[in-house]
Each structure stands twice: as structure tokens, then as C-alpha cells.
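Structure first, then comments.
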Amino acid sequence: MSREYEIVIGLEVHAQLATESKIFCNCSTQFGAEPNQHTCPICLGLPGTLPVLNKKVVDYAIMAGLALNCTINGYSKFDRKNYFYPDLPKAYQISQNDFPICSDGFIEIDTEEGVKRIGINRIHMEEDAGKLVHEGSIDQATASLVDYNRTGIPLIEIVSEPDIRTPAEARAYLTQLKQILEYIGVSDCNMEEGSLRCDANVSIRPLGQKEFGTKTELKNMNSFRAVERALEYEVERQKKVLEEGGEVIQETRTWDDSLNKTISMRSKEEAADYRYFPDPDLPPLQVDKEWVERILASLPELPREKQERFVREYALPEYDAGVLTDSRPLADYFEACVAEYSDAKAVSNWIMGDFLRLLREENLEIEEVKMAPANLARMLQLMDKGVISSKIAKTVFEEMFKTGKDPEKIVEEKGLVQISDASQLEEIVLKVIEANPSAVEDVKNGKDRAIGFLVGQVMKETRGKANPGMVNQILKDKINSL
Amino acid sequence: MDLCDLSIHELKAQLEKEEITVEEVLDSFLQRIDAVEDKVKAYVTVTGTEARERIRAELEGSLAGIPLAVKDNISTEGIRTTCSSKMLENYIPPYNATVVDKLNEAGAVLLGKTNLDEFAMGGSSESSYFHETRNPWNLEYVPGGSSGGSAAAVAAGEAAAALGTDTGGSIRQPAAFCGLVGLKPTYGTVSRYGLMAYAGSMDQIGPITRDVEDAALLLNVISGYDPKDSTSVKREELDYTAFLQEDLAGMKVALPREYLDLVSNPEIKESVLAAFKKMEAEGAKVEEVSLPHLKYAAAVYYILATGEASSNMACYDGVRYGFRSKEAANVAEMFGNTRSEGFGEEVKRRILFGTYVLSANSYEAYYVKAQKVRTLLIKEFEDIFKNYDLIITPTTGDTAFKVGTVTEPLESYKMDTFTVPVNLTGIPAISLPCGFSSKNLPIGIQIMGPQFGDGKIIQAAYSLEKILKLGNKRPELEVAQ
């Protein structure tokens, strides 16, 4: 008989910080350079070189800590994590072990039961390692090449409390975390380029049991979806082990995306002893109140705050506010439009609808959109003045989006001005009434839907340029007077 | 006496008066190297050609035209830097250590890179992969270590002065064994950038010179805040030559009795006590004090230093530079074989020891405990310096020993008790000649000062040097003509 289990998940997220130079030297952090172009004696770990901490890294770590509701520790220090690997030039990684820069924070996520708080145990700073390129497949390669461009790129590791209870919550946590880090601009969180990486610890326990079950650590998940799927798989695997009377073994397992399963990598006994000790080359880091306050002052509005403000200030539905604040550039775009056109809901409808659709279709970032926010505002004004119909507006919008041209210019060039001349419209309406006697009869019999059909016919005749409000009125007047 | 037997300040004076030329000076040193290097073996690499090339330009600065040697664990751009290890036998660094840049800016002429115990781990220079360096005072004896090559070169007239490095006594002990002045500055005074780390929390570069004045001159050049070294200290730059004053009046000197108890050679005790008498005659006040934790110093030092060393030596894995074993079927084997074949026995011993003390199961019992005792020692020294200007001790418990006679690691580690407290506490100390044993081997006396009391110890050493009047005694090497 199957028992009820509670799932316990904790996540460790590594985020590359978007500083221009590396954490302990002046080398560039730019992605995509020729192999080993961005290296120097320091990040290559040549004998005798010493690390010097990039203050910007500390700024960003503090900013992340503040955005994630952490305590910023006045005293923190750097330690060496020792292990041999060809991509690690010094054969130790400079990290923070027992005194991290930030601790005790939280993230709020939306769940079916409402808002849930996931604790953040700590955030610490460390350096990234390089990258191995194997000649051929990894098990058959005759040689491996090392690219040290990534060596020394600053990372923060964000360690959650074991507060996550479902794989879906894990995904929501990651989505929210990514959104916050992007908002404050400390990381571009690009999972494909490896600037955001996630490991997960997961265990299960019989419902009501206080002690945690034995956990496994999952690695090699390259998307949020993969994290969710790996956790789902692992939870089921652990349940099966327990139900068959077995014991979960503490181990590290790797997610195989193509096989859709986790595979054992190494057991606890085989786990490395990293021999952490304080790095003698870096004095302890002292962060005073002024430093924290300076960063706090530069901290931008966070997604949840922005969402609440959008509801309050623009009287938008929660849903709209959520969509519009999904990313900072989108929220900024929206606000730039609203600055020029006060009907926020109308702006919201266009952005949530055609704008996001075209963005997706054209595979663009918001920063790449040619259409100026003011032009969307002016298009809406053209609609208000009756110059164009909402239908025409769709055409104008698409043209603006693709070319960046002014709406007036598009209307003029394409002859899209709305027909608001009553006599001209009457002529067309009469023609339509004549051609559709049964629909006219339906209208007379109170079938309101039929009037829509007739309006549509007028639109067809005018290639969408007729003023729909006027057409509606004229149609009703004419039919009533028949 | 040849030009190569003169001190820096003597050479400077003659050069400034244009009594001699830079070429003559360099020739004298290179001739001496030719004549005695076969026996002394102070150098790993002699850079005579580069030196001749360098003096073709007009040299300016406080060390203009002065031929110096640099220990071979200090990075020199374009000149191989080996740490006296097979691991780095052919390693040519692409950058200069900060001190090397500073020597160059001061106009000094590099004569070569001096031999050391492999990766500065040792006190005799016998563990060099290349060769043993001999003590110019008696070629059957070791010059000390790890900066034995630097000390031997200066003692033999193969360099006017040299840079050494001192993690546990590696400047002071060879200076004492070779009848020279060796200064270990306050931790953070001299940039470590380019010093190939043995134990970064204690490593410090310093001068090995013929006299105290030269030590002050060299310290002026190499000291100063360096933004490339986060442990270097930002403070007002001092002119250390301003401390070259003969004045011991009112100086309060502490003599820790535990040090005297450790001395194995009575001649050393005699010599040091005689020096104290002379200091008292000049108005210094000497009192015995106690350093109860001294007995743990060597143990604490070897735990902390080897812990750091095990991590610092990890970069020598054969991947990027230096020696790589040809026998390897995979990466793990490449690491293992490279390190097995590339490191000498003493380095391996310390890596293993250090790896052990940092391991999860022993970290608390060893490393953390040792850090606590280190803190106690710092406190103990601070307490003494509340009441005393200086602490003076013998530099070593015995004079230099014969090559090949100290084979037990523990025996050699214990000898370091005299010098390691200075590194553990970060304070400055200088060793200067105090006399000679009946075997005509030099005896050193060590003057320690409080943190940043480098000027103070220079003043005391300068004064003591004047009253001891040992003169310009030089070793008599049979020079092949």
C-alpha cells in the first residue's frame, strides 16, 4: 500500500555576475571570445600571482542579498576549496565557506495555496572555473583542450532552505529568482550560456515525520523545465525505493535529459574532501553600513513591488500587472507608453496582446523593438479621434512594430484613414441591407448577433476602414426605419 | 679586497665619486662567479649576458649599477624561475614580481637567480633539485636555507646583496650561517606579488646583505604598498636609512629564557650573552622574560605552513606549465605521475602533511587548534612589546652543520623554533653576525621588534654592529685564478 510522503527540496543556484571584469583580475568577462583570449597570469594561476577582489562583485552580491531579503554580513571571508581538475588553474577555487557575505533571506512564490515564502540560507561569492573541450566524445577523446576565459568570472551561489515541497514550487522559485536577479541587473541569467546553473537536493519523508529523509543531490539540469522533471523523476524513484523496503543512499546523481532519468554519479563515501581553509592571500572582507546603504539606494524596484504598484497606480487587474512586470524592460516599455497615453488598460491590452505576440514571432528582445513607446500612444490617440478603427489599428500596429515608422505616416501611406463621413457610410449600409435581407429580418426579430454580421459586411466593403461605431448606429437607424 | 667584496653603500660611494665604473663593478662580480661558483654553487641561473646588456644603458636610481642576486622563487620575466624544482626546471615566467620591478627601477643589475631548498621548504639548501649550495666559510658545511643560495652568493662575493624569502626563518638562518645580515620585514611591508608561495600567510621577501646599512638601503627599494597584493599594507613610506643611528641608550631589551634553553652549542650562548653585555654597556637594559608557548611554535608553524603549502603546490599539475609526466593514460594519472616525478621528497612530505591537517577529520584538531595557538603567540609577543622595545635571541641553536648530516625531518623542523615565531606573529626581525665559533663558523644574533618596528630593529642592529666591531671579515675561499 502506498504511503503519503512529503517532499523536501533545497536548491543551490550559481549565477554569473554581470561585471565587466573578473573577480580577482582585470580580464574581461565577455562571452564568446576566442579561447584563452581573456586570460592573464592571475586567472591562469601562474606561480606567484595573487588575487585582488573586484569591489563591483561585492556591490552585486550585496544587491542580490538585499533583493532577496538577506542580512548583509559586516564580516565575511574567502576560503579555498581544494580539488584537482584541469579547468581549475590553481587547483583550488576561491569561495566563501563559513562566513558568506549574505545570509537569512527569502523569496516569495505564488502557489495554489497562495503566496509562500522560501527561505534563503546564504549567498556567497566565488570564482568560476574554465571549460574543457574534448576532441571527440568525452569517453573516446584522445586529447582535451582547456579554455580559461571563464576562469575567474564572478559567481554568487544562492542556497535555499529546504522549504520547497514540490517540483513545481522549485520551478516557481527559480523563475522568481531569475526574475529578481535580472531586474536588479546583477546577472543576465542566461542558462544556455551557463550564467545560471542549478543543483537540487531532494529527499522524501512519510507525512508527519519530523526528521528529514536521506537526500540525493541532482546535477546537470540545463533548464528550469529540466529541474522540474529531474525532481519529479527523483521523487518517484525515491518513493519506489522506500516502498520496496529499500533505503535511499546519500549520493550525487546526474540528470540525463534524453533518457529522462537521474543516474548515480558518486556516493557520499566517494565525495571529495575539499579541505576548506581561509585563503591567506585575501584579508577578511569588511562591509560597513554605509556600503550597504549606498547599494540599497541604488536598488531598483523589485518585480513584486512593481506589480503591486501597477495595480494601485494604473488600476490594472492583477493578471495584467503580473504579465507587464514579468521583465523590467517590458515594465519600462509599458510605463513609457502610459506616460504618453493615460488609459493604462488600453495600453496593457495592446502590450499583452499584439506586442508580446509579435515579440515572440519575431524572436526579439524588448530592447530590439523598433517601435517607440510614444508611437503606440499616438496610435491609440488616432483611434480615439476616430481616424482609424480598431481593426485598422491592428494593421498599423504591426507595421509600426516591424518598421518603427510613425503611425500617422503609416495611415497616410497605406490610405488607412477611417471613413467617418455619414453620407458615404449610409450609401454602403443601404447596399449591405439590400444584399442581406435575412440578416436584416433577424435583427428586426431581436437577434442582436445579426447586427454584428452586418457591421462585418460593411467593414468588408470598406476594407475595414469604416468607423464601426457610426456603422452600428446607421445600421440600427436604417433597419428601424424600414 | 676586490670590488665584489664591497658592500652596496661602499660601491655606491665609489661609483658616485666616479672612482670606479659600473662595468668594472660588474666585471669584478662576474669574475668572482667564474672563480668560485663551481665550489659554492650559489646560483641556479647566472644572467651574466643579460647583466652586461643591461649596463649598456645609463642606469639611474638608488641602486644604479649595483649587482644583486634574487632567490629563484621570485618571478622574473623572461628568466627561468625554478624554485629549485624539477617541476619548474624550464618555466620562464611572463611577468616580474613587484620587487623585481622595483629593483629594476632603482637601477640594480641582476646577476642571477639563487639556489634554494625546493620550493623554499628546508633549512640547508640541500633539497634543491639542481645541486647543494655550500657555505663559503667552509665548503663542507651547508649555507643554511631556504635562501642558502642568496646567502652563499653574498658571502662569497658573487653578489653585492641578494633578495631572500622568509617563511619560517629562511632569510635569517642562512644569514646567520653565512655571517651576513638578513632582514625579515613586518608581514605586509614588501609585496608578495610574484613570490611563488610556500605559505602566503607568513611568506615575506627581504634582503640578505653584508651589513645593516645595506639592508636599510634595499628595504627602502623593495618595501611599499602594492595594489597587486591584498595583504600588503598601506602606510606612510619610511626612509629606513634614517634609522641608521648608533643609539642604544634607554633601549629596553627582552631576552626570552626559553630561547637560551634551546641553544645546543654553548659557544652561541656565550657569544650572544657577550653581545648583551656590550649592549648594556651602551645603555640598553636587558631583562629575561618568558615565552611559555614558544615550545609549540614549531609544531604550530608546521601545521599551518604545510596546510597552506599543500594548497599552494596543487597548481603544479602538469596542465599549463612546468614538468608533465609522459607516463599517463588519463588525467588523474597525469596529475599523479607529474607530481610524483616532479616534486622532491621534502616537498611531498609537506604536501602530505598539509593535506592531512586540512582534511575534514583532522582540521579541527590540527589546523584550527594551531590557529588558536598562533593567536596566543601573537598575544604573548604583544604583551612583551608593551614593556620592551626589542626581543633579542640567538638566530639559531647551533652554527651551520655539515652537508648531509641532518637527515631526520623532525630534527631539522625543531631547529626552526628560533625563527618561526616571527613569521607566526608577523613581526619584523633581523639577524646579524655576533661572532665566530671555534671552527670559524659565523654565529648570528636575532633582533625582533613589534609590528612595523622595522626601523627600530634596524637602529638596534646598526648600533650592535658598530659595538661588536666584527669588521669586514670575509670567508677565505680558494679562488681559482
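Brief remarks follow.
- Segment A:73-102, subset away from chain B (no Cβ under 14 Å) and of a type outside the set (A, V, I, L, M, F, W, C), residue surrounded by the fewest Cβ atoms within 10 Å (Cβ to Cβ): A:75
- Residue match in segment A:178-194 (condition: open to solvent by less than 10 Å² (accessible area, probe 1.4 Å) and out of contact with any helix residue (DSSP H, G or I) (no Cβ under 8 Å at 6 or more places or on another chain)): no
- Test: residue in segment B:256-264 that is more than 14 Å from chain A (Cβ to nearest Cβ), crowded, with 22+ Cβ neighbours inside 10 Å and of a type in the set (Gly, Ala, Ser): no
- Enumeration of residues in segment B:299-332 that are facing chain A (nearest Cβ under 7 Å) and surrounded by fewer than 19 Cβ atoms within 10 Å (Cβ to Cβ): B:320, B:331
- Cross-chain or 6+ apart pairs with Cβ under 6 Å, segment B:37-53 first and within 13 Å of residue B:70 (Cα to Cα), then assigned to a loop (DSSP other than H, G, I, E, B) and aromatic (Phe, Trp, Tyr): B:44/B:130
- When segment A:351-374 is filtered for residues that are without any contact (Cβ under 8 Å) to a residue 40 or more places away in the chain and either open to solvent by less than 20 Å² (accessible area, probe 1.4 Å) or aliphatic (A, V, I, L, M) (or both), the ones remaining, listed by number, are A:351, A:352, A:356, A:359, A:364, A:366, A:369, A:371, A:372, A:374.
- Restricting the search to strands (runs of 3 or more DSSP E) fully inside segment A:95-138 and requiring at least 3 residues that are in contact with a Gly (Cβ under 7 Å, 6 or more places away or on another chain) and in the same structural domain as residue A:166 (by TED's automatic domain parsing) gives A:102-111, A:114-127.
- Close pairs from segment A:278-301: first within 14 Å of chain B (Cβ to nearest Cβ) and within 27 Å of residue B:199 (Cα to Cα), partner β-branched (Val, Ile, Thr) and part of a helix (DSSP H, G or I), Cβ under 9 Å, at least 6 apart: A:285/A:58
- In segment A:432-482, the qualifying residues are those that are of a type in the set (Ser, Thr, Tyr) and assigned to a loop (DSSP other than H, G, I, E, B), and the one that is surrounded by the fewest Cβ atoms within 10 Å (Cβ to Cβ) is A:481.
- Matching residues in segment B:199-233 - criterion: being of a type in the set (D, E, K, R), open to solvent by 20 Å² or more (accessible area, probe 1.4 Å) and facing another protein chain (nearest Cβ under 9 Å): B:228
- Leading residue by the ranking (farthest from residue B:305 (Cα to Cα)) among those in segment B:360-377 that are within 13 Å of chain A (Cβ to nearest Cβ) and open to solvent by less than 30 Å² (accessible area, probe 1.4 Å): B:362
- Considering residues of segment A:376-391 that are within 16 Å of residue A:355 (Cα to Cα) and open to solvent by 10 Å² or more (accessible area, probe 1.4 Å) only, the residue nearest to the chain's Cα centre (by Cα): A:378
- Condition met for residue B:190 (within 14 Å of chain A (Cβ to nearest Cβ) and either without any contact (Cβ under 8 Å) to a residue 24 or more places away in the chain or under 19 Å from residue B:107 (Cα atoms) (or both)): yes
- Residue in segment B:80-89 that is more than 21 Å from the chain's Cα centre (by Cα), open to solvent by less than 10 Å² (accessible area, probe 1.4 Å) and in the same structural domain as residue B:215 (by TED's automatic domain parsing) present: yes
- Selection status of residue A:107, out of contact with any Cys (no Cβ under 7 Å at 6 or more places or on another chain) and more than 14 Å from chain B (Cβ to nearest Cβ): yes
- Residue that is nearest to residue A:289 (Cα to Cα) [pool: residues in segment A:46-72 that are touching a residue at least 60 places away in the same chain (Cβ under 8 Å) and within 14 Å of another protein chain (Cβ to nearest Cβ)]: A:58
- Residue, nearest to the chain's Cα centre (by Cα), within segment B:322-366, restricted to residues that are part of a helix (DSSP H, G or I) and of a type in the set (Asp, Glu): B:346
- Restricting A:232, A:228 to residues that are open to solvent by 70 Å² or more (accessible area, probe 1.4 Å) and more than 20 Å from residue A:155 (Cβ to Cβ) narrows the list to A:232.
The values are calculated or read from the model by the stated rules, or taken from the named source; none is laboratory data. Quick caveat, the model's predicted, so the values are computed rather than measured. Here the Cβ is made from the backbone with ideal geometry for all residues, glycine too, and neighbour counts use every protein chain on show. Quick note on the areas: whole protein, heavy atoms, side chains included, nothing else; ligands and nucleic acids left out. Shrake-Rupley method; radii C 1.70, N 1.55, O 1.52, S 1.80 Å.
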